[in-house]
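To keep things clear, I will list the structure first and then write my remarks on it.
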Amino acid sequence: MSNRETATIKDVAKLAGVSIATVSRVLNKLGVVNPETERKVLSAVTMLHYQRNAVARSLKLKVTKSIGIMVPEISNTFFTEIVEQLEHLLGPLGYALLVCSSENSVIEEKRKLSLLLERNVDGLVVIPVSDVGDHFATPPLSNTPFVMIDRKIEGLGCDVILTDNRKGAFDVTSALIREGRTRIGFLGGDAHVHTSVERLHGFLDAMKAHSLEVEKQFILLGGMTQKAGYTLMKQALSMEGCPDAFFMVNDMVHIGATSYLMAHESKHIRNSMAFATFDYLYYAPLLQFCHYAVAQPLDLIGEAAAQLLIRRMEGDREGFPATIVLEPSIHVMKENGGIVWGGKLKASLYDHSPRFNKVFS
């Protein structure tokens with residue numbers, strides 16, 4: 001074999017003086033192999049720089065040890081935190097994650113789904129773009145286990161991992177009200193996104209429970225992105241009698257609204273504004289208008305999704321389709337003016353950051 005040729009399992013077997021089956025047993029840890037034989041095989045692997053052909057192996061075993069992950073947008077920190085949790089849990093089990101973005105488009109979602117299925121992924125974890133779900137009920141997907149997280153599509157028979165969005169929105173809006181805010185607007189959202197609708201219901205529930213008027217002109221739906229937050233904050237402040245408090249539908253809208261206030265509004269307006277928001281992520285205390293934030297249990301979401309997906313890939317169909325709803329917690333940004341009321345609210349501390357144990361260049 002020349003130096004330019006790629007070593008094969010046959011080459012390893014020849015150098016080690018054993019059969020191909022023995023090499024396979026050593027590499028795949030199948031059965032008991034004599035220690036001296038194992039040493040010879042591993043030595044031959046090292047000397048030849050042998051690399052197993054994952055494609056050939058997957059064709060033989062009919063598994064690819066790959067999981068497809070599809071999220072609406074890579075830039076959304078919440079989605080990347082979920083991906084990181086899944087990598088942490090599935091990576092050590094030998095799975096490779098194929099991550100792609102549907103770019104907040106149903107058309108792209110359909111295309112990327114087809115691409116993942118063409119690569120014969122063993123399973124899928126999907127955060128859907130909207131409530132359109134016909135493409136998740138097609139025959140090609142019937143043999144591929146998949147779990148939906150964060151969002152639900154009604155009528156679709158699949159496993160789902162959710163946070164109690166309605167309760168989280170109710171609790172965080174109530175925190176603003178207890179602070180003395182009686183006029184509260186709702187910023188961001190999409191009537192076709194499950195989480196957005198649930199959060200709006202929770203907001204409305206809280207306003208009703210505290211006998212406060214809902215000013216419909218300040219219920220501003222218009223997307224779940226930073227651009228939406230920026231545009232909607234500008235729109236709200238251009239209207240007469242703009243409230244001094246808002247519920248932000250997610251962290252991207254929150255960042256966009258904050259950016260607009262910092263760039264274009266007076267110190268007087270900024271000093272009077274207070275936000276309650278869905279999601280508490282590592283940078284939440286730095287967003288100075290945020291008084292209260294709903295923290296989703298990212299570790300539990302990732303753990304539940306990984307465990308459920310592995311069960312399905314192993315053929316365990318018990319309880320299918322399962323819906324797991326996890327309870328969020330509320331963080332109070334005392335440094336921004338938030339007030340702790342009772343046991344439901346947790347004062348935020350900077351050491352809650354999941355990023356402080358990571359190194360960035």
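Divide, for segment 137-182, the radius of gyration over alpha carbons by 2.2 N^0.38 Å, where N is the residue count.
Values: Rg = 17.4 Å, N = 46, 2.2 N^0.38 = 9.4 Å.
With N residues counted in segment 137-182, Rg over 2.2 N^0.38 Å equals 1.85.
Rolling a 1.4 angstrom probe over the protein heavy atoms, how many square angstrom per residue are accessible across the chain?
Details: 18220 Å² over 361 residues.
Per-residue value: 50 Å².
Taking amide hydrogens as modeled 1.01 Å from N in the peptide plane, which residues meet the under 5 Å criterion relative to Ile219, leaving out close sequence neighbours?
Amide H neighbours of Ile219: Phe186.
When the chain is treated as a GNM, springs tying every alpha-carbon pair under 10 Å, which of Gly185, Gly31, Gly337 comes out with the largest mean-square fluctuation?
Looking only at Gly185, Gly31, Gly337, the biggest GNM fluctuation is shown by Gly31.
Computed over the Cα atoms of segment 9-52, what is the ratio Rg over Rh, Rh following Kirkwood?
Details: Rg = 9.0 Å, Rh = 9.9 Å.
Reported Rg/Rh, Kirkwood definition of Rh: 0.90.
Could you compute the FRET efficiency for Tyr282 and Glu335, with r as their C-beta to C-beta distance and R0 at 22 Å, rounded to 0.05? Intermediate values should be presented prior to the final figure.
Details: r = 15 Å, r/R0 = 0.68.
For Tyr282 and Glu335, the calculated efficiency is 0.90.
Roughly how many percent of the accessible protein surface of the chain is carbon and sulfur, given a 1.4 Å probe and a whole-percent answer? All intermediate terms of the calculation are to be shown ahead of the outcome.
Values: 9780 of 18220 Å².
The nonpolar share, carbon plus sulfur, comes to 54 percent.
Given 25 °C and 0.890 mPa s, how large is the Stokes-Einstein diffusion coefficient of the chain in µm²/s, with Rh as the Kirkwood radius over Cα pairs? Don't skip to the end; give the middle numbers.
Working: Rh = 23.0 Å.
Translational diffusion coefficient: 107 µm²/s.
Counting only residues 5 or more places away or on other chains, whose amide H sits under 5 Å from the amide H of Ile69 once H atoms are built in the peptide plane?
Correct list: Leu98, Val99, Cys100, Val125.
What list of ³J(HN,Hα) values in whole Hz, one per residue of segment 178-187 in order, does the Karplus curve 6.51 cos²θ - 1.76 cosθ + 1.60 (θ = phi - 60°) give from phi, with Gly and Pro shown as x?
So the Karplus estimates, Gly and Pro as x, are 5, 6, x, 7, 10, 10, 10, x, 10, 10 Hz.
As I understand it, the value is the acute angle between the Cα axis of helix 77-90 and the longest principal axis of the Cα atoms of the chain; what does it come to in degrees, rounded to 10?
30 degrees
Run through all the Cα pairs of segment 228-336 and give the fraction in each 10 Å bin from 0, expressed as whole percent.
Answer for segment 228-336: a P(r) of 13, 37, 22, 15, 10, 3, 0 percent.
Which whole-number percentage describes the relative contact order of segment 119-232, with Cα contacts under 8 Å and a sequence gap of 6 or more? Please report the intermediate quantities before stating the final value.
Details: 156 pairs, mean separation 27.5, N = 114.
Value for segment 119-232: 24 percent.
Once a ≥ b ≥ c are taken as the square roots of the eigenvalues of the Cα gyration tensor of segment 241-296, is the result rounded (a/c under 1.5), prolate (a/b larger than b/c) or oblate (a/b not larger than b/c)? Numbers along the way, then the final one.
Details: a/c = 1.99, a/b = 1.65, b/c = 1.21.
Prolate, since a/c reaches 1.5 and a/b exceeds b/c.
The values are calculated or read from the model by the stated rules, or taken from the named source; none is laboratory data. Bear in mind that the values here come from a model prediction, so they are computed numbers and not experimental data. All Cβ positions, even for glycine, are placed from backbone atoms using ideal geometry, and neighbour counts span all protein chains on display. To get the accessible areas, we keep the full protein, side chains included, count just its heavy atoms, and leave off ligands, DNA and RNA. Shrake-Rupley method; radii C 1.70, N 1.55, O 1.52, S 1.80 Å.
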